[in-house]
Structure formats: structure tokens, C-alpha cells
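The next block holds one structure in the form of C-alpha cells; read it before the comments.
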Amino acid sequence: MESKRFLATPEPPDLGPGPRPGVQDELALEKELKLLFVSEEMPVQKQQLVRALVLLWHDHLDLAHEIAQDIATPDGSFLHAIMHRREPDYGNAKYWFHRVGKHPAYPRIAAGAGSFLNAPENGELRHELLPAENGTRSLSLIGVSVPAGMLLHCNLYFARSNGWKPSRC
């Protein structure tokens, strides 16, 4: 699938809303996406998911949100949750991650996060983000879904590092 070219930016998106240098404008993306959808057979719902994902990747949160909120599937909820996380609207992100249920991407996310947090240079971050269980730190994330748990721990970490009280997250 030639859609990978839509994710070719100098840097990946930040956790915040952006914008960052090197992203394409909405009109150019929409034009290229229309060409992609003509050349590849793809159900309309998948087209909408791809549109929302590409727009989110290029920091066009408003249009990505408009599209994602109308996709009533676990994939649509997952994308909707990520969009709210980037706004940042943690409460809505948590709600939409909860709506996802058990997504097939969660094990890969957990494995990637575990590898990242287990790197020696990330020991302090691991200590801050992960709860201690029996003397060791684990990515079980207190029994909640991986993204919701990660969201909770990241919110608390950033709240503490910015002098906020967790109740304000």
C-alpha cells in the first residue's frame, strides 16, 4: 500500500497538538488521499479511518476529530482517543480508550513501552511511571487497559513534574 508516504514527516507527532515543521496542509492531504482511494479498493469506513489518521499525523486535529467521532468501531474509538490525548484532553482520551475495549494494537504498544522503559537510560522515568509490585516495576498498569493505564501514569508524572496536584489532571 502506498499510503506509508503520508506518514513521511521529518519528525513524528508530539504528544501535544502541534503544529510542527514539515507537515502538509489539509487541502494537499485531502487531494492526495482522494487519489489514493481511487487507486486502491478500500471500504468507505476504512477510507475515513485513513483520512483521520493522516490528518492527525499532520497535526490537523479539528478535522481528524470530526471524522473520528463518526467511526463507531474500536479502531475509530482508538483514533479518537489518541486525538483527544494530543489536544490534550485527558478525560475524553480516557473515555475513548475505555470505549475501544481490547484492541489488537495493545500488546504491541505494551511491548514497545516496556522495551523503552526497561532501557537503562530510562530508569528514572520507569520509576516515576510504573507502580512497584513486589519490589519490581511492571507494565501491568494497575489492572486497566494499556493505553488508559499509560495515560493515567503519564498524567500523574507530568502533573507532578509541573507542580500540579493529581486531582487537577
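Every number in this text was worked out from the coordinates using simple rules, so none of it is lab data. None of these values were measured; they are calculated from a predicted model. No Cβ is skipped: glycine too gets one built from the backbone with ideal geometry, and neighbour counts run over all protein chains shown.
Summary of computed values
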quantity	calculated
Distance in nm between pseudo-label sites at residue 118 and residue 8 (7 Å out along the Cβ direction from Cα)	3.4
Restricting region 24-106 to trypsin sites (Lys or Arg not before Pro) in coil, as DSSP defines it, with at most 16 other Cβ within 10 Å	102
Approximate spin-label separation residue 42-residue 20, in nm, with each point projected 7 Å along Cα-to-Cβ	2.2
Rel. contact order, % - alpha carbon contacts under 8 angstrom, at least six apart, region 1-93	29
Vicinal HN-Hα couplings computed from phi for region 84-96 (Karplus, 6.51 cos²θ - 1.76 cosθ + 1.60; Hz; Gly/Pro x)	5, 5, 6, 4, x, 10, 4, x, 5, 4, 4, 4, 6
Charged-residue dipole, Cβ positions (Lys, Arg, Asp, Glu), region 1-93 about Cα centre, Debye nearest 20	200
Span from the region 7-47 Cα centroid across to the region 51-98 one, whole angstrom	14
Calculated log₁₀ intensity ratio I(q)/I(0) where the Debye formula runs over C-alpha points of region 1-93, q = 0.21, 0.26 Å⁻¹	-1.05, -1.44
